[in-house]
Amino acid sequence: MDYLMIFITAIFVNNIILSQFLGICPFLGVSKRISTAIGMGFAVMFVMTLATVVTFLIYYTFLQPYQLKFMTTVTFILVIASLVQMVELVIKKTSPALYQSLGIFLPLITTNCAVLGIAILTIQKNYTLLAGICYTLASAMGFTLAIVIFAGIRERLERTDIPQALKGTPIVLISAALLSMAFMGFAGISY
């Protein structure tokens, strides 16, 4: 039951983008088309899960036992950047078609604060490795859900007659705020 609550809460109540405001850059920048939003969502899901597992193991194997907790953020940033580079090289060698479809998404994930944020939050919440993986997958699914919904809204906005003063960035920010408020409706569910 705990894993189910972690899962539901991370997707809807504590959505990484709409409640915790991590990963806003790709949310606003890559959400112009549903297809690119889905690609970014799956790429983030893969890298976020892999990064959380590796950083969890590094933290509990080296940083905590040797009193190096102050190096957590720097270490996690280096690990995430290295993992993204390795994943990019492996995908480029093994599946050129997938590499082409992901395009710029993989390098962008290196600077996505949601990946670092989830790795750090997993440690701060004292999750076990299994609970941390559950939390990470759910957070990545919440990221994907938010970015895909927002991409759908933005595609519809392109076909809508919007007052000149609200075109572009203003209507995008208003839409993001309304979507965030909609997700706040799930706040009654807590863990």
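The values are calculated or read from the model by the stated rules, or taken from the named source; none is laboratory data. Remember, it's a predicted structure, so these values are computed and weren't measured experimentally. Note: areas computed on protein heavy atoms with side chains; ligands, DNA, RNA excluded. Shrake-Rupley method; radii C 1.70, N 1.55, O 1.52, S 1.80 Å.
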Worksheet item: Given a cut-off of 11 Å, what percent of all Cα-Cα pairs of region 21-62 lie beyond it?
Response: 69
Worksheet item: Rounded, prolate or oblate: which fits region 91-191, taking a ≥ b ≥ c as square roots of the Cα gyration tensor eigenvalues, rounded meaning a/c under 1.5, else prolate when a/b beats b/c?
Response: oblate
Fill in: Residue-normalised accessible area of the chain, expressed per residue, 1.4 Å probe, Å²
53
Response to the item:
Of the accessible area of the chain, computed with a 1.4 Å probe and all protein chains kept, carbon and sulfur make up a percent value of 71
Practice prompt. Go through (i) 62; (ii) 50; (iii) 44 and flag the label whose value is the computed percent of Cα pairs over 22 Å apart for this structure.
Written response: (ii)
Discussion item. Just to be sure I understand: with springs between alpha-carbon atoms less than 10 Å apart, which residue in PHE70, PHE12, PHE42 has the highest mean-square fluctuation in the Gaussian network model of the chain?
Written reply: PHE70
Item to complete: Output the DSSP H helices from the chain with an along-axis C-alpha extent of no less than 18 Å and a mean Kyte-Doolittle hydropathy no less than -1.0.
Response: 34-58, 72-94, 129-158, 169-184
